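Remarks on the structure that follows.
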Amino acid sequence: MAGSFFHRTAHRAAGSLVAAAVLALAAGLSPAFAGTAGAASAWADTVKSDVVELELRQDGVLHVKETVEFTGAPPKRTLVDRTRYDDGNDRLYQVTGFKGDGTLSGGSITLKGSGTATIEYDVKGAVTPLADIQELRWYAVGGWSVPVEQATVKVTGPAQMQNLSCFAGVLASAVACTAASFDHTGTSAEFEQQGLGAGEVLTVVVGYPAGATTGAPVLERRFELSNAFTLNAVTGGALAGLLVLLLGGLGLLYWTRGRDARVVGHESGSLRPIENGHFAPPDGVRPGQIGTLMDEQADVIDVTATIVDLAVRGYIRIDERPRQTYDTPDWTLVRLPGAPVGSLLPYERALYEAVFHGRDAVLLSELKGSFGAELGKVRAALYRDVVTQGWFARRPDTVRTRWTTLGVALTFAGVLATVALAWFTTYGLLGLALIIAGAALAVGGQYMPAKTAKGAAALAHTLGFREYLSSADLGADVPVAQRVELFSRYLPYAVIFDCVDRWARVVSSVTGNGQQADHLYWYHGPAEWDLSKFADSMRTFTMTTSGAISTTRQFRSL
């Protein structure tokens, strides 16, 4: 270390001789130039001397007194108040009790006055207990906005010093300072550094016996994603336990609140299409009611099937409009006079009035864009109807909304919990359990509407009816004279069950006397149209109607 000191001293002395020779030459060549150079040197911003006295107290607090001589404008110093301690924590150096010829703001000191300034402050967190010693480490000089020509640090403490060390340069520098020495008692040390660049630091390290002070590092957890979501035996086990508890609770909730009152099995029994010579739908259920009962949703296809059912039952007539090859197909819905509108169910009446609005006829294309507002009223009436029928204790849409909203709220709470746990602890994974449970509840809320025992029995009968419509062999058990009416009455249910093509072909194959005809009593085609084209017309009509009454067609896949 001494050799390094003499080498640097000789080097700087040689540099000074060269500089003096250059100035002398400049003075001989031009007195005016020499005067300008001298003025620039006198007013250059620099710290001429920085003398720091450090006193380590019994409680581990380091008291600092600093005397600074400077030229030019008062310089600024940025204290080192935070360093990396380990993979998960930063080390803080807390500065308090600042006073003297300067101001402290946010870890930055700005001197006042001109020429000389004295400041004092305390530092907590500069002592580190190690295996058999305590280490004092402080960034005593540096971080100045201007170069420092001469820095001196004197350290005293509560016990005899065990070792010394010092570093100069950038913060992580391993280059030794100019000089470091004990006094004869071993309780005081002095460090020296000649020449520090702007922003460079002189770090002093002093070792004391273990227990010399009660000081300890001040740590602050550092946020890092890798640490925030640490997976270990504790966090993994806690996450698994929470998931089992929360998801198990959701399963129990569905078992007790979302399950039908009776498990639907093969309870449909025998189903006869004709009873006492008349058409008999399952339990007298309308097509729209069946659609809502099956999937617990009053959707667009249920409304479309109801329009077809109103036509088949003699309330309206569907007239297909003539068109050219590339024209868009269209239909006229005609209100039939004398129809017993008062006998309609509330949701049927709401649909009937929404379609016509006091008109006797309306083009299907005219409903596009204007029927959406009325569709909500029809759907609400359908939900009320299934409750009135005793199939549900509460409206299915209300039940879904309640549980889904609760699931979204739980998910949001999980997000907040995850952020908080990740920011302040290493247990961020635990918040994910709430997010998963909330998402499961939000999705599972769609399945929470539960049918009553009466609703489950109606569904069992409905499933048997669907099987009949999908696979029954139509034979001699249906009298020829009743086939048009019977097969037409089945068609709206076929819309619900997604077997329109089959039943449309069945309807188009017979009339009252078993012969082909130009139209049905409830469906009229244009000129040169006959029942052989009914299947294609009906398929197009149901798709067009669903698109006209709502911009979001909600067909089911059964």
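Equivalent ellipsoid semi-axes for the range 289-412, as square roots of 5 times the alpha carbon gyration tensor eigenvalues: give them largest first, rounded to whole Å. Write out the running numbers ahead of the final one.
Working: eigenvalues 202, 71, 27 Å².
One finds semi-axes of 32, 19, 12 Å for the range 289-412.
Quick check: pseudo-label points 7 Å beyond the Cα along Cα→Cβ at Asp132 and Asn89, how many nm apart are they?
A separation of 2.4 nm, rounded to one decimal place.
Hey, can you grab everything whose amide H is under 5 Å from the amide H of Val218? Only 5+ residues off in sequence or another chain; H modelled, so Pro and N-termini drop out.
Residues meeting the criterion, in which the H sits 1.01 Å from N, are Leu92.
Would you mind calculating the relative contact order of the range 337-477 from Cα pairs under 8 angstrom and at least 6 residues apart, reporting the percent as a whole number? Walk me through the intermediate numbers first.
On the way: 131 pairs, mean separation 31.8, N = 141.
Computed value for the range 337-477: 23 percent relative contact order.
When all protein chains stay in place, what accessible area (Å², nearest 10, 1.4 Å probe) is found for Tyr493?
10
Please express the Cα-Cα pair-distance distribution P(r) of the range 158-200 as a list of whole percents, one per 5 Å bin, running from 0 to the bin with the greatest distance.
Going out from 0 Å in 5 Å bins, the range 158-200 shows 5, 21, 26, 18, 14, 11, 4 percent.
From the phi of every residue in the range 452-466, what ³J(HN,Hα) in whole Hz does the Karplus formula 6.51 cos²θ - 1.76 cosθ + 1.60 yield, where θ is phi - 60° and glycine or proline is x?
Working through the residues one at a time gives 6, 4, 5, x, 5, 5, 5, 5, 4, 5, 5, 5, x, 5, 4 Hz.
On full extension of the chain, what length is gained from His184 through Thr110, given 0.36 nm per residue of separation minus the C-alpha to C-alpha distance? Walk me through the numbers before you get to the answer.
On the way: separation 74, 0.36 × 74 = 26.64 nm, distance 3.66 nm.
This chain segment gains 23.0 nm when fully extended.
For every other residue with a beta carbon closer than 12 angstrom to the beta carbon of Arg395, add +1 if it is Lys or Arg and -1 if Asp or Glu, then tell me the sum.
Values: positive: Arg379, Arg384, Arg394, Arg400, Arg402; negative: Glu296, Asp385, Asp397.
Local net charge: +2.
In nanometres, what is the gap between the two model label sites at Leu363 and Leu245, each 7 Å from Cα along Cα-to-Cβ?
Reported label-point gap for Leu363 and Leu245 is 6.4 nm.
Of the peptides 429-435, 70-76, 159-165, how do they stack up when ordered by the mean number of other Cβ atoms within 10 Å, highest first? Don't jump to the answer; show the numbers that get you there.
Working: 429-435: 20.3, 70-76: 17.4, 159-165: 15.7.
In descending order of packing, they fall as 429-435, 70-76, 159-165.
From zero up to wherever the largest Cα-Cα distance of the range 61-152 sits, split into 10 Å bins and tell me the percent of pairs in each.
It works out to 14, 46, 28, 10, 2, in whole percents.
The values are calculated or read from the model by the stated rules, or taken from the named source; none is laboratory data. Everything numeric in this text was worked out from a predicted model, so none of it was measured. Positions of Cβ are backbone-derived with ideal geometry, glycine not excepted, and every protein chain shown enters the neighbour counts. Heads up: the accessible areas ignore ligands, DNA and RNA and are worked out on the full protein's heavy atoms, side chains in. Shrake-Rupley method; radii C 1.70, N 1.55, O 1.52, S 1.80 Å.
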